[in-house]
Amino acid sequence: ASALARPGEPSLKRHQLQMMNEELLRLEESLQAFLDFARPPDLVKTRLNAADVLYQAVDLIAPKAVLHEVEVHVVVPERKTYVDGDSKQLRQVLLNLMLNALDAIGEGGLIELHLDVGPPRDVVTATAAERPDSEQEALRATGPAPNKPAMFFIRISDNGPGLSEDVLPRIFEPFVTTRDTGTGLGLALCRQII
């Protein structure tokens, strides 16, 4: 504001100050991404409701989604799904993925988040011949094995153009990006957290 108020001196216009502020925020975010990647935060596991973390991430992204006229749909099971995890880091993964989706799909798009609960890993990785015809039948037929915790899955999808064949195999490599202003650390950080 002081740059606008000095009489007799060249001053910056409001939109120029706003642009500078946005650039400073972008640089701060880039620096934070570098720091997070180089020095991952400590894992702080607590018992948490997975759906709550999804909704918190969606609440954080909602203003940007509204600005870009993007709808965000969340599908969660009726029964609460409790997991042992770090809510802050899980929320960060969801935010990174949704921000990528927002950048990719442009205005008028759709992002969907699905929370699913499935059987333990050894049941999930059974051969195709051993699986029932549908995923839902598999969940009903097997259920969690005794004394083995069920797994939970979060699937994020969007109606954007997708990634090119040459970039797809490299998306988790640091500094690989499809955006001019991207750092290429978002997905690498997601993978590191997961």
Leu102 being of a type in the set (A, V, I, L, M, F, W, C) and in contact (Cβ under 8 Å) with a residue 60 or more places away in the chain:
no
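One line per residue, one yes/no per condition, for (1) crowded, with 19+ Cβ neighbours inside 10 Å; (2) among the hydroxyl-bearing types (Ser, Thr, Tyr); (3) under 17 Å from Asn159 (Cβ atoms):
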{"residue": "Val53", "(1), (2), (3)": "yes, no, no"}
{"residue": "Pro63", "(1), (2), (3)": "no, no, no"}
{"residue": "Val74", "(1), (2), (3)": "no, no, yes"}
{"residue": "Val93", "(1), (2), (3)": "yes, no, no"}
{"residue": "Gly106", "(1), (2), (3)": "no, no, yes"}
{"residue": "Glu112", "(1), (2), (3)": "no, no, yes"}
Selection over region 171-189 where residues are over 27 Å from Ala51 (Cα atoms) and either surrounded by 15 or more Cβ atoms within 10 Å (Cβ to Cβ) or at pLDDT below 70 (or both) yields a count of 11
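The values are calculated or read from the model by the stated rules, or taken from the named source; none is laboratory data. Remember, predicted model here, so these are calculated numbers, not experimental data. A quick note on method: Cβ atoms are made from the backbone with ideal geometry, for glycine too, and the neighbour counts reach across all protein chains shown.
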